[in-house]
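Taking it in order: structure first as C-alpha cells, then the write-up.
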Amino acid sequence: VAQVLADILTLYGWEVHIAPTPTVALLALRRKIPALILLDFNLPGANGVDVLQYIKSDPLAKDIEVVFVSAENSPDTIERALASGARDYLVKPVDIDRLGEVLNSLPPIHRQVSGDCTGAAPAKRRISVTSAHSRFPCES
C-alpha cells in the first residue's frame, strides 16, 4: 500500500519518503521536514496515535500535517486519531479522489515546497509515508 501511494503522489509532484517503522520515520524528521505525513494506525511496536503525539510534541515537527491511512475503520479509532491532532483519516483501500481532496485541503504553505531542518528548500514537496506493511527501505 505504501508503494502504491508513493507512486501516485510522485505523479502529483510530491517527493515521497517511505519509512518502514516509526523509529525510521522519527529519525528521518531530523534530516528533512516533510509538508505532510501519511501515517498508518497499526505500526510495528507502536500505534499511530502514539507516534502522532510524539511528532506534535517536537518543536521542529509540531506543525507538520498528519493524515492517517489505515484499514482500521471503526468510528472510535477514527475519532481517536482525529482527536490526537490528525488532519484527516483515510480508510484503506484509499480512494484516490478522496486523497486528492485531502491534499488540496492543506493550507497553502503545506501545498508549497517544504524546507528541511537547515532552511534549504528541496525541489519538490516532501511527504513521508509510515506504514506497518511497507517492505521498502528508507531513503538515505
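I'd like the distance separating the alpha-carbon centroids of the range 1-44 and the range 52-90, in whole Å.
14 Å
Gain in length, LYS62 to VAL91, computed as 0.36 nm per residue apart minus the alpha-carbon separation, to one decimal in nm?
Numbers: separation 29, 0.36 × 29 = 10.44 nm, distance 2.37 nm.
My answer for the length gained is 8.1 nm.
Let's test the formula: R0 of 25 Å, r as the Cβ-Cβ distance of GLU101 and ASN73. What FRET efficiency results, to the nearest 0.05?
Values: r = 18 Å, r/R0 = 0.71.
Calculated transfer efficiency: 0.90.
Only Lys, Arg, Asp and Glu count, each charged at its Cβ (+1, +1, -1, -1), so figure out the dipole size of the range 52-113 about its Cα centre, rounded to 20 debye.
Working: 7 positive and 10 negative charges, 33 e Å.
It comes to approximately 160 debye.
Take the Cα pairs of the range 30-90, get the Kirkwood Rh, then feed it into Stokes-Einstein at 10 °C and 1.306 mPa s and tell me D in µm²/s.
Numbers: Rh = 11.6 Å.
My calculation gives 136 µm²/s for D.
Ranked highest first by the average count of other Cβ atoms within 10 Å around their residues, in what order do 33-39, 100-106, 51-57 fall?
Numbers: 33-39: 25.1, 100-106: 14.4, 51-57: 16.7.
Highest to lowest by the protection proxy: 33-39, 51-57, 100-106.
Based on Cα coordinates alone, diagonalise the gyration tensor for the range 1-108, multiply each eigenvalue by 5, take square roots, and list the semi-axes in whole Å, largest first. Write out the running numbers ahead of the final one.
Details: eigenvalues 68, 61, 39 Å².
Semi-axes from the Cα gyration tensor: 18, 17, 14 Å.
Would you mind putting 4-11, 71-78 in packing order, based on average other-beta-carbon counts within 10 Å, highest first? Write out the running numbers ahead of the final one.
Working: 4-11: 15.1, 71-78: 12.9.
For the peptides 4-11, 71-78, the packing ranking is 4-11, 71-78.
Computed from the coordinates by the stated procedures, all read-outs in this text should not be read as laboratory data. Note that the structure is a prediction, hence the values are computed from the model and not measured. Methodologically, a virtual Cβ is constructed for each residue, glycine included, from the backbone with ideal geometry; neighbour enumeration extends over all protein chains shown.
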